[in-house]
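Input: a single structure, listed below in structure tokens.
The values are calculated or read from the model by the stated rules, or taken from the named source; none is laboratory data. None of the values given here were measured: they were computed from a predicted structure. Don't worry about glycine lacking a Cβ; one is built from the backbone with ideal geometry, like all the others, and counts go over all protein chains shown.
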Amino acid sequence: MRRSRWHGLWLGLTPALFIAGMAVLPMLRLMWFGASEPSPLGTESGGFLSGWLAIWSDSYLRERIVWSLTQAGVSTVLAVLLGVPVAWVMARLEFWGRQWLMQTLMLPFVVPTLVAAMGVLAWWGPRGLVGQFFEWDDRGSAWLLIAGNLFFNLCLIVRAAVAGFESQSAARLAVARTLGATPWRAFWRVELPHATPAILSAMSLVFLYCLGGFGLALLLGGQAYATAEVVIYTLVAHELELVLASQLALWMLLFTGVAVALYAWLQMRVRAPLRGDRVRRYRPNVKSLTTWLMLVGVWMVCLCIGLAPLVAIFTKAALASSVAWSEALSGETAAAIWNTTRFSATALVLATVLGVSHAIVGRRYWWWRMWGMLPLMISPVMVAFGLILLVPQWLDSWLILVCAYALLAMPLVVQPVAQALDSLPRAWGDAALSLGASPWRVWWRVTMPLIAPAIRRGVAFAMATMVGEFAMTLFLSRPEWTTLTTLIYQHLGRAGRLNIDSAWVLSAILLSVTLVLFWLLDGRRWHAVGTPEFDDRSPHA
Amino acid sequence: MRRHFLLTTALVGLLFQPLFAGAADARTTLRVVTHSSFDLPKDLIATFEAEKKVTLRLIKAGDAGEMLNKLILSKETPIADVVFGIDNAMLPRARREGLLQPLPAETAALSLSPNVSDVDPQASAASDWLPIDFGYVTINIDKAWFAENKLALPTSLDQLAEPEYAKLLVVENPATSSTGLAFLTATVQAKGESAWTWWRALRAGGVKVSNSWSDAYYKDFTRNGGSRPMVVSYLTSPAAEVFYSDKPVNVSPTANLNLPGGVYAQIEGLSLLTGGAKDAATRQAAVDFMLFMRSAAVQKALQTTMWMWPASATVAREPVMTFAGKAPTARAVDAAVLDRDARNWVRRFNQEVVR
């Protein structure tokens, strides 16, 4: 028994050290460099700690922090208000197009940040297909960033809430109804409380994404609505104000840390045992007005928030001139697609191995899980610049780029695998052990097949997000490594109609590549959206 | 299962292949760090590599300001031998950080265009920095918009600050954009302390501040579907509009509005990095690269890849460059003043115009 515990430790140590080396160490190094260099302005002389506290007395920085928290809070609440009703309908009703909607709602989450921002602008922006009918102040709007946040994160709430509603015991609901509860009362007093831990856990995750998100905030927030992450980026990359940046980053780490701690703790509480008596979905009475309203509402939410920005991108690409298309279909694009694919694939192998081994150890300790979420909590710009101080001689090597990709993708593998491990009944493994199987054999023949769908899903998400990872533009790049994202940026850096057209066409290509890769990895199993723990291999299904 | 294993191994091998490729190659490798806008035709680079038996390792490090910051952080262990893209305004800071080595003697004989030495005589005479190209930041206008709205163009900065015009302009934030910093610098150079009154008037009039040139040009400029017919951009952008037009045109849809005090002149150069090019072979490669960057072929090509004007005296302008108009009379700002005050200007801009 003791031996296997040590095995577990070794298994967990590698990913933990990877995160320490790739994320924590660069950040500490950058902070140390900032603290040891005299401040160029000579203003902060009161020491790091007092400066850290003094951030709140700077009205500009205080506003930025408050705005970061506000936009994350508002986005999360809106996502719940829209997502939970949608999830309930999807969990309870069997209606036309339900399967398809569940699938398309997942698409935004795998869309590259740059493409997402362009799509949200093309749809909601001041000159967008729908946005042009609103009275936008063209100097920027708070709602643009919130619309972007919703586009990305609504699916997380829906997915978690559907799982929560579906795991509801049918018997308990039936008892409530038999005792005279109206459907509405049964929802409030039985169904919602049952799904609440799942929803809360998804909420903390969404809050974390909105608070720590860098790319979307930079692309959609603009100057007037810059979040703290964007300010950190400006301070580090453009002003080299490392002390101030570190102090601000520490505050943000504190806030994201609370969100992550809440998430990790809730995740361990959600690990509900699987139930055999799930509530069956029923075909709604199409003649009732309420049903109609519900179904139309669900369709509207899914289409307007989830799908429309994607359609807008394809529309823009389709409207691009034929010259732009023929240019975009050149060898340069092919090379960029190949680079995108090979970087992501290599990083994926690394992220999967590290992510799965981290999740196995994270099963036992919530703080260990938090460590695995660290890549989501820290500013990518601090990692990129910290690495310059830490390993300048390796910076132009391929390895560091792949490691950076893997770092940012790891949490996406960890989350579903950890969830799947949580809901594994321990008794099954114990039974196999007592029947004489070695721990390794138990892992290979019992645990592995049961968590395989979760691994596949995590890998698909990690792959899809890596393909267009915006933060990678902060790292050094070589012309022969040009990815689709950098190619789009090259076009957006030059004047001329052909360049903007090419950017749209390349965005559509990037989107298609992402979707194809996602489909290849997670393909026909998109229907497992509602049941994140098990899919068709589940003994209860 | 075994077949899968073999297939995976082969694939992984293919993916890692670039890690090991080039190990058997005995050619000298020259590491060149550049800003992200660096762009030259591939065949030019390939010919250079073949002729001089050099492998160019190009490293892009973000925009020019970001690149300089990265070089400062890594000065103990330089990430490259040669740096391209430090401009005349950034030069004092690069020197103060001890980033630059004296130029090799072989570059002394190169002839410099008088236009360059006119723009910044002090920087042009530098012994640690070789001018490669130069250009201007100015205001671009959407010709169609002004024709349609029958509005006369402003003729001075003061007129530009009137509400009628201020609400038509988008500028970039100097904290995050080099064009933004350039325009701010030009106005402070022209107006001194009263520039801040001018900027406050611009703000009250409704000027928009964007994050980056791409944001301003592709989201806010009316030419690309935005709401502002005037944008702070480059002098060569009208030429690029013709070059990258989706159908052949002989008139540019945009034009330059060169207001007195609203044009910024910039020279980009090439330098040896301290601690780089240590051995004789690499040093020779660096010299070759410097001569290559000033060769007629590169000086001609960079006009339509990086959209700058050539620094060599003898190289002809690309025909499409005529759409950029004549060179304005703007002079570079005193680099020492810039080095001392630019940070405060950016800070002040953010206090007075953005917040």
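Restricting to the range B:223-262, what's the tally of residues that are touching a helix residue (DSSP H, G or I) at 6+ places or on another chain (Cβ under 7 Å) and modelled with pLDDT under 90?
Of the residues in the range B:223-262, 6 are touching a helix residue (DSSP H, G or I) at 6+ places or on another chain (Cβ under 7 Å) and modelled with pLDDT under 90.
Restricted to the range B:233-250, and to residues that are out of contact with any Gly (no Cβ under 7 Å at 6 or more places or on another chain) and under 22 Å from B:Gly262 (Cβ atoms), which residue is nearest to the other protein chains (Cβ to nearest Cβ)?
So the first thing to find is which residues in the range B:233-250 are out of contact with any Gly (no Cβ under 7 Å at 6 or more places or on another chain), and the list is B:233, B:237-239, B:242, B:246-250.
Now drop any that are not under 22 Å from B:Gly262 (Cβ atoms), which leaves B:233, B:237-239.
Values: B:Ser233: 7, B:Ser237: 4, B:Pro238: 8, B:Ala239: 9 Å.
Filtering the range B:233-250 for residues that are out of contact with any Gly (no Cβ under 7 Å at 6 or more places or on another chain) and under 22 Å from B:Gly262 (Cβ atoms), the one nearest to the other protein chains (Cβ to nearest Cβ) comes out as B:Ser237.
Out of the residues in the range A:107-132 meeting the condition of being more than 14 Å from every other protein chain (Cβ to nearest Cβ), aliphatic (A, V, I, L, M) and buried (at least 21 other Cβ atoms within 10 Å of the Cβ), tell me which one is farthest from A:Cys302 (Cα to Cα). Walk me through it before giving the result.
So in the range A:107-132, the residues more than 14 Å from every other protein chain (Cβ to nearest Cβ) come out as A:107-113, A:115-116, A:130.
The next check asks that each one be aliphatic (A, V, I, L, M); those that pass are A:107, A:110-111, A:115-116, A:130.
Among the residues that remain, those that are also buried (at least 21 other Cβ atoms within 10 Å of the Cβ) are: A:110-111, A:115-116.
Numbers: A:Val110: 16, A:Val111: 15, A:Val115: 19, A:Ala116: 16 Å.
My answer is A:Val115.
Within the range B:198-274, considering only strands (runs of 3 or more DSSP E) that don't extend past its boundaries, which have at least 2 residues that are in contact with an Asp or Glu (Cβ under 8 Å, 6 or more places away or on another chain)? Write out each step before concluding.
Working: elements: B:208-210, B:230-234, B:254-257, B:264-273.
Where strands (runs of 3 or more DSSP E) fall fully within the range B:198-274 and carry at least 2 residues being in contact with an Asp or Glu (Cβ under 8 Å, 6 or more places away or on another chain), they are B:208-210, B:230-234, B:264-273.
When you scan the range A:124-230 for helices (runs of 4 or more DSSP H) that lie fully inside it, which ones turn up with 2 or more residues that are in contact with a helix residue (DSSP H, G or I) (Cβ under 6 Å, 6 or more places away or on another chain) and not aliphatic (A, V, I, L, M)?
Working: elements: A:142-166, A:170-178, A:183-186, A:192-212, A:215-221.
In the range A:124-230, A:142-166, A:192-212, A:215-221 are the helices (runs of 4 or more DSSP H) which contain 2 or more residues that are in contact with a helix residue (DSSP H, G or I) (Cβ under 6 Å, 6 or more places away or on another chain) and not aliphatic (A, V, I, L, M).
So in the range B:329-355, with the set limited to residues that are more than 14 Å from every other protein chain (Cβ to nearest Cβ) and surrounded by fewer than 18 Cβ atoms within 10 Å (Cβ to Cβ), which one is farthest from B:Thr187 (Cα to Cα)? If you could, list the steps in order and put the result at the bottom.
Start the filter on the range B:329-355 by keeping residues that are more than 14 Å from every other protein chain (Cβ to nearest Cβ), which leaves B:329-338.
Retained after the next criterion (residues that are surrounded by fewer than 18 Cβ atoms within 10 Å (Cβ to Cβ)): B:329, B:331, B:334, B:336-337.
Working: B:Thr329: 15, B:Arg331: 12, B:Asp334: 13, B:Ala336: 17, B:Val337: 14 Å.
This residue is B:Ala336.
When the residues of the range B:179-218 are narrowed to those that are β-branched (Val, Ile, Thr) and either surrounded by fewer than 18 Cβ atoms within 10 Å (Cβ to Cβ) or more than 16 Å from the chain's Cα centre (by Cα) (or both), which ends up nearest to the other protein chains (Cβ to nearest Cβ)?
The initial filter retains those residues of the range B:179-218 that are β-branched (Val, Ile, Thr), namely B:179, B:185, B:187-188, B:197, B:207, B:209.
Next, from what is left, pick out any that are either surrounded by fewer than 18 Cβ atoms within 10 Å (Cβ to Cβ) or more than 16 Å from the chain's Cα centre (by Cα) (or both): B:187-188, B:197, B:207, B:209.
Numbers: B:Thr187: 18, B:Val188: 18, B:Thr197: 21, B:Val207: 9, B:Val209: 5 Å.
Across the range B:179-218, the extreme among qualifying residues is B:Val209.
When you look at A:Arg92, is it in contact (Cβ under 8 Å) with a residue 60 or more places away in the chain, over 19 Å from A:Glu166 (Cβ atoms) and among the charged types (D, E, K, R), yes or no?
Details: in contact (Cβ under 8 Å) with a residue 60 or more places away in the chain: yes; over 19 Å from A:Glu166 (Cβ atoms): no; among the charged types (D, E, K, R): yes.
Taking the combined requirement at face value, the residue does not satisfy it.
For B:Glu51, work out the one condition from (1) touching a residue at least 12 places away in the same chain (Cβ under 8 Å); (2) away from every other protein chain (no Cβ under 13 Å); (3) of a type outside the set (A, V, I, L, M) it doesn't fulfil.
(1) is the only condition that B:Glu51 fails.
If the Cβ limit is 9 Å and pairs must be 6+ apart or interchain, which residue in the range A:495-510 that is free of Cβ contacts under 8 Å to residues at least 12 places away in the same chain and at the interface with another protein chain (Cβ under 7 Å from one of its Cβ atoms) pairs with which residue that is assigned to a helix (DSSP H, G or I) and β-branched (Val, Ile, Thr)?
Close Cβ pairs (under 9 Å, with a partner that is assigned to a helix (DSSP H, G or I) and β-branched (Val, Ile, Thr)) amount to A:Gly496/B:Val242.
Being in contact (Cβ under 8 Å) with a residue 24 or more places away in the chain, within 14 Å of chain B (Cβ to nearest Cβ) and either surrounded by 24 or more Cβ atoms within 10 Å (Cβ to Cβ) or of a type in the set (Gly, Ala, Ser) (or both) narrows it down to one of A:Gly362, A:Gly386, so name that one. Lay out the reasoning, then the answer.
On the way: A:Gly362 fails: within 14 Å of chain B (Cβ to nearest Cβ).
None of the others qualify; the one that does is A:Gly386.
Quick check on the range A:321-356: of everything there that is hydroxyl-bearing (Ser, Thr, Tyr) and over 22 Å from A:Leu401 (Cβ atoms), which residue is nearest to the other protein chains (Cβ to nearest Cβ)? Walk me through it before giving the result.
Of the residues in the range A:321-356, the ones hydroxyl-bearing (Ser, Thr, Tyr) are A:321-322, A:326, A:330, A:333, A:340-341, A:344, A:346, A:352.
Adding the requirement that they be over 22 Å from A:Leu401 (Cβ atoms) leaves A:321-322, A:326, A:330.
Details: A:Ser321: 4, A:Ser322: 8, A:Ser326: 11, A:Ser330: 12 Å.
Once the filter is applied, the top-ranked residue is A:Ser321.
Look through A:Val442, A:Val417 and report the one residue that is crowded, with 22+ Cβ neighbours inside 10 Å and either within 29 Å of A:Ala20 (Cα to Cα) or outside the structural domain of A:Arg159 (by TED's automatic domain parsing) (or both). Full working, then the answer.
Values: A:Val442 fails: crowded, with 22+ Cβ neighbours inside 10 Å.
Result of the check over A:Val442, A:Val417: A:Val417.
What number of residues in the range A:132-153 are modelled with pLDDT under 80 and under 24 Å from A:Thr485 (Cβ atoms)?
Looking only at that region, the number is 1.
Is the range B:281-296 home to any residue that is touching a residue at least 60 places away in the same chain (Cβ under 8 Å) and within 14 Å of another protein chain (Cβ to nearest Cβ)?
As a first pass, look at the range B:281-296 and keep what is touching a residue at least 60 places away in the same chain (Cβ under 8 Å): B:281-294.
When the remaining residues are screened for being within 14 Å of another protein chain (Cβ to nearest Cβ), the result is none.
No, that holds for no residue.
Could you please let me know if A:Phe475 is under 24 Å from the mean Cα position of the chain (by Cα) and farther than 23 Å from B:Ile59 by Cα? Spell out the reasoning first.
Details: under 24 Å from the mean Cα position of the chain (by Cα): yes; farther than 23 Å from B:Ile59 by Cα: no.
No: the conditions fail for A:Phe475.
Would you be able to say whether some residue in the range B:5-28 is in a strand (DSSP E or B) and at pLDDT 55 or above? Spell out the reasoning first.
Looking only at the range B:5-28, we keep the residues that are in a strand (DSSP E or B), and these are B:28.
Retained after the next criterion (residues that are at pLDDT 55 or above): B:28.
Within the range B:5-28, one or more residues are in a strand (DSSP E or B) and at pLDDT 55 or above.
Of the residues that sit in the range B:72-87 and are facing another protein chain (nearest Cβ under 9 Å) and within 22 Å of B:Ser178 (Cα to Cα), which one is surrounded by the fewest Cβ atoms within 10 Å (Cβ to Cβ)?
Ranking the qualifying residues of the range B:72-87, first place goes to B:Ile72.
It is to be established whether one or more residues within the range B:286-295 are over 30 Å from B:Arg200 (Cβ atoms), touching an Asp or Glu at 6+ places or on another chain (Cβ under 6 Å), surrounded by fewer than 23 Cβ atoms within 10 Å (Cβ to Cβ) and in the same structural domain as B:Ala26 (by TED's automatic domain parsing).
Of the residues in the range B:286-295, the ones over 30 Å from B:Arg200 (Cβ atoms) are B:286-295.
After this cut, where a residue has to be touching an Asp or Glu at 6+ places or on another chain (Cβ under 6 Å) as well, the list is B:286-287.
Narrowing the set further to residues that are surrounded by fewer than 23 Cβ atoms within 10 Å (Cβ to Cβ) leaves B:287.
Add one more test, that the residue is in the same structural domain as B:Ala26 (by TED's automatic domain parsing), and what stays is B:287.
Yes, because at least one residue in the range B:286-295 is over 30 Å from B:Arg200 (Cβ atoms), touching an Asp or Glu at 6+ places or on another chain (Cβ under 6 Å), surrounded by fewer than 23 Cβ atoms within 10 Å (Cβ to Cβ) and in the same structural domain as B:Ala26 (by TED's automatic domain parsing).
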